[in-house]
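The structure under discussion appears below in the form of structure tokens.
No lab work stands behind these numbers, since they all come straight from the coordinates. Just so we're clear, the structure is a prediction, and the values are computed from it rather than from any experiment. When we count neighbours, we look across all protein chains shown, and the Cβ atoms used for this are built from the backbone with ideal geometry, even at glycine.
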Amino acid sequence: MAYSEKVIDHYQNPKNVGTLDKSKATVGTGLVGAPECGDVMRLQIEVDEATGVIKDAKFKTFGCGSAIASSSLATEWLKGKSIDEAMTIDNMTIVEELNLPPVKIHCSVLAEDAIKAAINDYRQKNGMEALKFEESVVH
Amino acid sequence: MLNFPIYLDHNATTPCDPRVVDAMIPYFTNNFGNAASRNHPFGWQAEEAVDYAREQVAKLIGADPKEIIFTSGATEADNLALKGVFEMYASKGNHIITCNIEHKAVLDTCKHIEKEGGEVTYLKVKDNGLVDLAELEAAIKPNTILIALMYANNEIGTVMPMNEISAIAKKHGVLVFSDAVQAVGKIPVDVNKDGIDLMAFTAHKMYGPKGVGALYVRRKNPRVKVTAQLDGGGHERGMRSGTLNVPGIVGFGKACEICMNEMEEETARVSKLRDKLQTELLKVEESYLNGDKEHKLPHVTNISFKHVEGEGLLMGFNKNIALSSGSACTSASLEPSYVLKALGLGDDLAHSSLRFGLGRFTTEEQIDYTVEQVTNTVNKLREMSPLWEMYKEGIDLDTIEWAHH
């Protein structure tokens, strides 16, 4: 199976690889997936307290090229978005942007789950209730 | 000068040796006859070529030419051996013993036989990929008709002690079948010394063409018979109908002859390269060798790089190096290699494995390049791996509650 050029580009030049200080109240961390399944994603957001805008996003991913690309793309999209806007990122837009084949859709689902998990972590740290998300269709 | 891509997936298939192709070419055009045409020179010529190839093939495995049944490949030979014995020896029993790291062509055929009323024991291999001989003997029952164990494993390259296995089988009057696809042509295989009664092997794993293989069926001590699985003209002593693939068979014969003549020299050269590759890659932090260290093919190694996913790893260099991984990220099931899991590897290590299969045309320069590329990619991906970061922080990954998909 050949990878799309966009996947290859994110794999070779991943954006925003790294770690934010998870002890800070302004940082939300989402850790999703499992080593047994062959992919684990950790996605972090840092929210500007004054504006509520995501000012930084970082990821680390254990997984195939598509999983790495999905999380790299997600961090790019998150930066500069408000929390509300971030919640609207849908896995299918990641699929379209990266031209992921059907067998790789789970990588995009994982990225969407990581975004939601990071947002909920941030909300709970700041005294808000965790949001309940509908189960993604593809699991 | 390195030419790309470098091929290190010789367990999947091998290129045809140019000498093999040269031998085959006349049998596509001028000498196109049907080996079963008994009444004219075209047929005689084809038959003669097949007879000669049959001798070349038989010689490589220490068999009599009459004991070679040509097939379309090893999958067909596996099917013929297992189903053929199951049907032929139905009055003696219905129990077959095999193991859990066999090739799918054997495992799925066994599943089929179970549906037909057969009984199959799947022995669990030990952590080194070898069968426990005491367990094997204990599994034999009065209704056991066949022990089916692979000579060498396709993923980890471990070599089973066939002569010890067959000694146990003989003691209990049970036949031995071996899928020897990965072993024949690579290491000395002798059906008499090894006590094998039926054996499947194929040309394309030994620098011959695809689409031609053979089943060895013993004719003496004991005389073994299998029920044909294809109905037709009664070719191959009635065991495998169908017009013979004359060019393929000629190529198979030539491939066997070359392997026989050059095995010693080739093994010495390739095993040295394999050892270098293996030694260098095991210097990478948290890398693990899969399968037995001693009892293995000279050209194969399988290594897991912890906290890096195999398919992601391949992507770092698969434009230039052709390899395969035990990770099954591309399959819908997300299940990693059943062979590696059978060795007791956790799913994480199974997902992190690479299989290296060296070959006749592998050079030291290619190995040096591969070591460098694999090492660099592992390091790069570990910088990106949350698992590696946790491991480095001393977090026990088993204590984390993972969200399973």
*In the list B:Ala90, B:Ala134, B:Ala63, which residue meets the criterion of being part of a loop (DSSP other than H, G, I, E, B), of a type in the set (Gly, Ala, Ser) and free of Cβ contacts under 8 Å to residues at least 12 places away in the same chain?*
B:Ala90
*Any chance the range B:221-241 includes a residue that's free of Cβ contacts under 8 Å to residues at least 24 places away in the same chain, among the acidic types (Asp, Glu) and out of contact with any strand residue (DSSP E or B) (no Cβ under 6 Å at 6 or more places or on another chain)?*
yes
*Name the residues in the range A:103-133 that are touching an Asp or Glu at 6+ places or on another chain (Cβ under 7 Å) and without any contact (Cβ under 8 Å) to a residue 60 or more places away in the chain, would you?*
A:Glu112
*For residues that are within 21 Å of the chain's Cα centre (by Cα) and hydrophobic (A, V, I, L, M, F, W, C), scanning just the range B:278-311, find the one that is surrounded by the fewest Cβ atoms within 10 Å (Cβ to Cβ).*
B:Leu289
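Among the residues of the range B:31-57, which ones are surrounded by fewer than 18 Cβ atoms within 10 Å (Cβ to Cβ) and in contact with a helix residue (DSSP H, G or I) (Cβ under 9 Å, 6 or more places away or on another chain)?
Hits for the range B:31-57 are B:Asn31, B:Phe32, B:Asn34, B:Ala36, B:Ser37, B:Arg38, B:Asp51, B:Tyr52, B:Glu55.
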*If you take the residues in the range B:295-307 that are among the aliphatic types (A, V, I, L, M) and out of contact with any Lys or Arg (no Cβ under 6 Å at 6 or more places or on another chain), which one is nearest to the other protein chains (Cβ to nearest Cβ)?*
B:Ile303
*Just a yes or no: is a residue in the range B:27-49 out of contact with any His (no Cβ under 7 Å at 6 or more places or on another chain) and farther than 28 Å from B:Lys254 by Cα?*
no
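Scan the range B:352-359 and tell me whether some residue there is facing chain A (nearest Cβ under 10 Å) and either of a type in the set (A, V, I, L, M) or in contact with a Pro (Cβ under 6 Å, 6 or more places away or on another chain) (or both).
no
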*Select from the range A:1-29 the residues that are at negative phi, within 11 Å of chain B (Cβ to nearest Cβ) and touching a Lys or Arg at 6+ places or on another chain (Cβ under 7 Å) and list them in ascending order.*
A:Val17, A:Thr19, A:Thr29
